[in-house]
Each structure stands twice: as structure tokens, then as C-alpha cells.
Amino acid sequence: MKDKIYIFDTTLRDGEQSPGCSMNTKEKLKMARQLEALNVDVIEAGFPIASEGDFDAVKEISKAITNSTIAALSRATPVDIDRAYEALQYAAKPRIHTFIATSDIHLKHKLKKTREEVLEQSVNAVRYAKKLTQDVEFSCEDASRSDVDYLCLIIESVIEAGATVINLPDTVGYSIPSEYGNMIRTIREKVKNIDKAILSVHCHNDLGLAVANSVAAVLNGARQVECTINGIGERAGNASLEEFAMALRTRQDILPVYSEVRTEEIYKSSRLLSTLTGMMVQRNKAIVGANAFSHEAGIHQDGIIKSRMTYEIMTPESVGIKHSTLVLGKHSGRHALKKRFEELGYSLTSEELENVYTEFTRLADKKKEILDEDLVAILNNEVDRDEFNYSLASLQVMTGTGVKSTAVLELTDGEQTYCDSATGDGPVDAAYNALERIVKMSGQLVDYTITSVTWGGDAVGEVFVKVIFDNVIFTGHAASTDIVTGSVEAYLQAANRALSAKAKKTSSEGAVKNQVNAL
Ligand code: KIV
Ligand code: ZN
């Protein structure tokens with residue numbers, strides 16, 4: 001009988017804490033729902049002591065998700081653990097994940113503690129967490145560079161104190177597969193009570209070995225693997241969930257383990273994350289990159305036509321990439337649209353269908369055939385408009401060589417329309433300047449990416465921007481056949497987010513002031 005591998009997804013914690021991947025609570029909730037659809041066993045939702053935003057996200061995800069365990073990270077201190085549990089209290093299956101570094105490098109330079117002190121703190125932290133919840137994970141940060149005998153001592157002691165999962169991260173992505181696998185095997189052989197806990201691994205990708213190390217660990221007895229969608233995470237990222245899950249599925253012939261991930265949800269999860277963060281995957285990324293299932297060389301195409309087995313080790317359908325049998329166009333109605341979305345794995349509410357249908361008809365006026373990629377882009381483009389102040393009413397630009405570009409822009413807040421104009425270095429810059437005059441806020445554009453969703457002259461372009469307003473980075477995303485309009489909509493989304501954040505800040509400052517006045 002094969003053993004199950006528990007998939008612990010840390011996209012919303014380790015992934016989200018990496019630069020350029022931040023999400024707000026609503027976005028994290030959306031991602032968490034998709035992770036639940038993917039059927040991951042554990043969703044690490046955040047690090048509640050780190051910020052109010054992380055705390056809120058863990059709390060809201062705990063309320064919303066019932067099938068997956070929700071984990072919250074904490075350092076090995078009572079204050080952190082309390083905060084983690086406070087956020088987790090509504091979860092159907094809560095897990096406190098507490099950690100401390102165990103390598104001599106970290107003890108000497110970061111913690112300035114002795115091995116004995118760290119051992120004592122670890123045991124105390126696990127005992128403390130155990131009083132709050134049954135499910136307690138303990139991580140030895142920088143395990144792969146720690147002395148293995150010391151690791152064994154700590155592990156045995158924290159299991160004795162009640163830890164149910166022991167995680168041994170390759171925090172700096174330093175290990176190689178044989179070495180990491182040996183570490184797991186040694187721990188299994190030397191720690192007397194190891195059968196009372198699940199052994200977990202958490203690999204970073206600094207040497208590009210995160211998935212290989214995870215597989216080596218599994219072959220040596222690890223039964224939980226920590227990973228992220230698209231492999232996002234600190235520095236070069238974490239082990240990629242889709243690569244690991246598909247390695248398990250594809251090599252069932254030799255692997256003694258399986259996971260319960262619904263791999264057909266992989267592509268959707270990857271696209272959603274890219275849309276939410278603006279962090280696209282490279283075209284040749286394994287499993288989810290645009291080229292992952294395309295065959296260019298003539299000899300390969302010939303082989304594929306004769307039998308897909310010649311050059312395809314897994315099918316696009318197995319990761320949720322589906323090919324249309326039905327081409328949608330301007331004469332397609334709501335029913336056909338709804339059906340196509342269902343075939344693609346999305347069930348839309350009537351409100352979502354209505355919004356998407358409006359966008360669909362607009363696009364169909366410009367583009368003869370609407371492809372699946374366009375539909376997903378339209379759907380992901382449907383932001384929660386109600387929480388935003390402004391939407392684009394109209395845009396005119398005048399541009400050319402040797403002239404300063406001018407933009408005339410109209411924004412509406414639903415009641416009133418605001419109009420302004422500005423010049424700039426090119427049409428996008430001019431429109432951004434006009435936009436900033438209307439919203440009375442000036443931002444610094446730090447990232448601007450434009451990619452084509454499909455191909456051809458009428459292809460939909462997706463624009464991602466990162467803009468700093470008041471020292472905070474806000475992201476924006478939009479899809480349009482017109483790149484200047486898409487660029488303005490993306491910038492407007494970032495500005496709307498900044499305005500919402502500002503309004504929230506002002507109202508909580510007001511509440512604090514009122515409380516102080518009431519004292
Ligand atoms: O990489 C690491 O060591 C971590 C731990 C906090 C689990 O992310
Ligand atoms: Zn990590």
C-alpha cells in the first residue's frame with residue numbers, strides 16, 4: 001500500500017512574503033478558496049504577529065475554509081503563539097506552526113543563544129501551543145545546516161512535548177538531494193519517538209533543487225511537503241507545488257507515495273496567482289508555462305500526431321488545460337458563455353455571469369473569436385468594483401513622433417464624472433498624469449509588464465503595474481485589446497486600492513482618537 005503525502009501549501013505565507021507577491025485579504029481569500037478546490041491538505045495562511053494584514057487574512061481564511069487545515073506561523077514565543085491562535089480560533093482544523101533556528105550559524109549570529117537555550121525555548125513553545133490546539137507543527141529553521149545530533153535531540157524533545165508535525169527546512173536552498181535525503185533517513189533512524197509525528201520538508205530553490213530535494217526527502221520517509229503555487233517564495237522561491245504534485249502523479253510507476261491534490265485544478269491556481277500578484281511564470285516553466293505543452297520542432301510535431309506518447313509524458317488535461325471544441329464569438333449568448341466557463345471548471349454566480357457577459361460582448365466587438373485564455377483573463381479581470389472609488393469613463397490620447405503626447409481622461413465614481421488632461425512622455429505616461437490629477441494622488445510606477453494572453457493582432461493584452469503611493473506598493477491588473485486603455489485601468493486599480501487603504505487608515509485613526517477622547 002502506498003503512503004499519502006500531505007501537501008502543505010505556503011503560497012499565502014512564505015510565497016506572499018517575497019517581494020512583489022503581496023496580496024490583500026480579499027485576494028488571499030480568493031486564493032485560499034482555489035487552494036481548497038485544489039484539495040491541498042494544509043493552507044498556511046500567514047504569520048499573524050507580522051502585521052495586521054496577515055492577522056486579518058488568517059482570521060478570514062479560518063472562517064471561510066472547512067476542508068483544509070489552516071496553519072498560522074509563529075516564532076517560538078508565547079506572544080507570537082497567542083497571536084497565531086487568536087487568528088486561527090475560527091478554523092475548523094487549526095494548526096499552530098512554531099519555529100526557531102537550530103543551526104550554529106543562526107544561533108551565534110542571529111539568536112545569540114546557546115544550543116541548550118534554544119532546546120528549552122523549543123520545548124516550552126510546543127507545550128504552550130499544545131494547550132491551545134492539538135495540531136502543532138514545529139520547524140527547525142536552517143535544519144539542513146544544523147548539526148544532525150542536535151537536531152535529533154530537539155526533535156525527540158518537542159515530540160515528547162506534543163508536536164505532531166516536525167518540519168526540517170532547507171531554509172537557504174543549500175542542500176543537494178542525496179544529502180537532504182540522508183538527513184531525513186538519519187533522523188528517522190535515530191529519533192526514538194519519530195513515529196509519533198509526521199516528518200515534513202520545506203525546500204527553497206536557491207540552487208534550483210527544491211523539488212528534487214523534496215522528492216529525495218519523500219523517498220527517505222518524509223510524509224509532508226511544503227510548497228507554493230508557481231514556486232513563489234523568499235529569494236528564488238520554494239518548491240513548486242505543481243511540479244512536485246505532477247512528479248508524484250506521473251511517476252506512480254516507481255514512487256511509493258501519492259498525494260490527493262486535484263491536479264486538474266493546477267492551471268487555474270497558477271493563473272489566478274499570477275493575476276493576483278502580477279508575477280507571471282516564464283514561458284518554459286515546467287507544468288504551467290505557456291510552452292509546457294507546445295511542440296515546436298517538426299520531428300516532435302510529427303511524433304505527437306502519430307501518438308501523443310512519443311513526446312508527452314503527461315496530458316495538458318491532467319493539469320486542467322482544456323482545449324475548446326466550441327468557438328465563442330459575438331453571437332454567443334449567456335448560456336453558451338456559462339457552459340464554456342463550466343467546461344473550463346468555473347461555476348459563475350448569475351451576478352458574475354452578468355458582469356463577465358458585458359465584458360465578453362465588448363471584447364467580441366473587437367475580436368472575432370474569443371478563446372479560453374481570453375475568457376479566463378476577463379474573469380480574473382472582474383475585480384470587486386464595489387469597494388473602489390473610480391472607474392474609467394473615457395480616454396482620448398493624441399500621440400506621435402516629435403510631439404508631446406496628450407491625454408484627456410474621464411473617471412466616474414458612479415455619481416459624478418471627473419475630467420482632466422495632461423501631457424507626458426508617450427500616451428501611457430500622459431494618461432497616468434491625467435489620472436493622478438483627478439484622484440489627487442501621485443504615485444511612483446516601479447513595475448510595468450504587458451503580456452499577450454493569446455496571439456494575433458487582436459489579442460488581449462494583460463497589463464500589470466506596481467505603484468508606490470505613500471510609501472506602500474499597490475498592484476494593479478487589467479486585460480484589454482487596447483494596451484493604452486489596459487494600462488490606464490491597471491494603474492487605476494492600483495490607485496483605487498491606495499485610496500481604499502488610505503480611507504481605512506483614516507477611519508481607524510479616527511476610531512482610536514474617539515476612544516482616547518472617551519477616556
Ligand atoms: O524557510 C524556512 O525555514 C521557513 C520556516 C519559517 C518554516 O520558512
Ligand atoms: Zn521558507
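With no solvent and one point per C-alpha, what does the Debye sum give as log10 I(q)/I(0) for the chain at q = 0.12, 0.13 Å⁻¹? Treating every Cα as an identical point scatterer, log10 I(q)/I(0) equals -1.16, -1.29. Considering only 282, 15, 378, the residue lying farthest towards the positive end of the dipole of the chain is 15, judged by Cα position with unit charges set on Cβ. Sequence-ordered 3J(HN,Hα) estimates for region 282-291 from the Karplus curve with 6.51, -1.76 and 1.60 and θ = phi - 60° stand at 5, 4, 9, 4, 4, 6, 10, x, 4, 8 Hz, glycine and proline given as x. The H on the amide N of residue 46, modeled in the peptide plane, is under 5 Å from the matching H of 73, each at least 5 residues off or on a different chain.
Taking the longest Cα principal axis of the chain as reference, the axis of helix 372-381 is set at about 90 degrees.
Once the Cα atoms are used to define both axes, helix 115-132 deviates from the longest principal axis of the chain by about 70 degrees.
Bridgeable lysines around residue 93 (alpha carbons under 22 Å apart, same-chain partners fewer than 8 residues away excluded): 4, 26, 28, 30, 59, 63, 130, 131, 196. Secondary-structure-derived ellipticity at 222 nm for the chain, considering helices only, amounts to -13000 deg cm²/dmol, per-run term -39500 (n - 2.57) for DSSP H runs with n ≥ 4.
Counting only lysines at least 8 places from residue 306 when in the same chain, those with an alpha carbon closer than 24 Å to its own are 322. Sorted largest first, the principal axis extents computed over the alpha-carbon atoms of region 1-157 equal 44, 42, 32 Å. Helix 148-160 and the longest principal axis of the C-alpha atoms of the chain enclose an angle of approximately 90°.
Couplings 3J(HN,Hα) of region 37-49, computed from phi: 5, 6, 6, 6, 6, 10, 10, 7, 8, x, 10, x, 6 Hz, in residue order, whole Hz [Karplus 6.51 cos²θ - 1.76 cosθ + 1.60, θ = phi - 60°; x for Gly and Pro]. Ranking 85, 125, 103 by Cα position along the charge dipole of region 61-150, where only Lys, Arg, Asp and Glu carry charges on their C-beta atoms, puts 85 farthest toward the positive end.
Using a Förster radius of 56 Å, what is the FRET efficiency between residue 393 and residue 190 based on their Cβ-Cβ separation? Nearest 0.05, please.
Values: r = 69 Å, r/R0 = 1.23.
With R0 = 56 Å, the Cβ-Cβ based efficiency is 0.25.
Whose amide H sits under 5 Å from the amide H of residue 328, counting only residues 5 or more places off or on another chain, with H placed in the peptide plane? Sorted by chain and number, the residues that satisfy this are 370.
Every number in this text was worked out from the coordinates using simple rules, so none of it is lab data. What you see is a predicted model; the values in this text were computed from it and never measured. Using ideal geometry, Cβ is built from the backbone for each residue, glycine included, and neighbour counts are taken over all protein chains shown.
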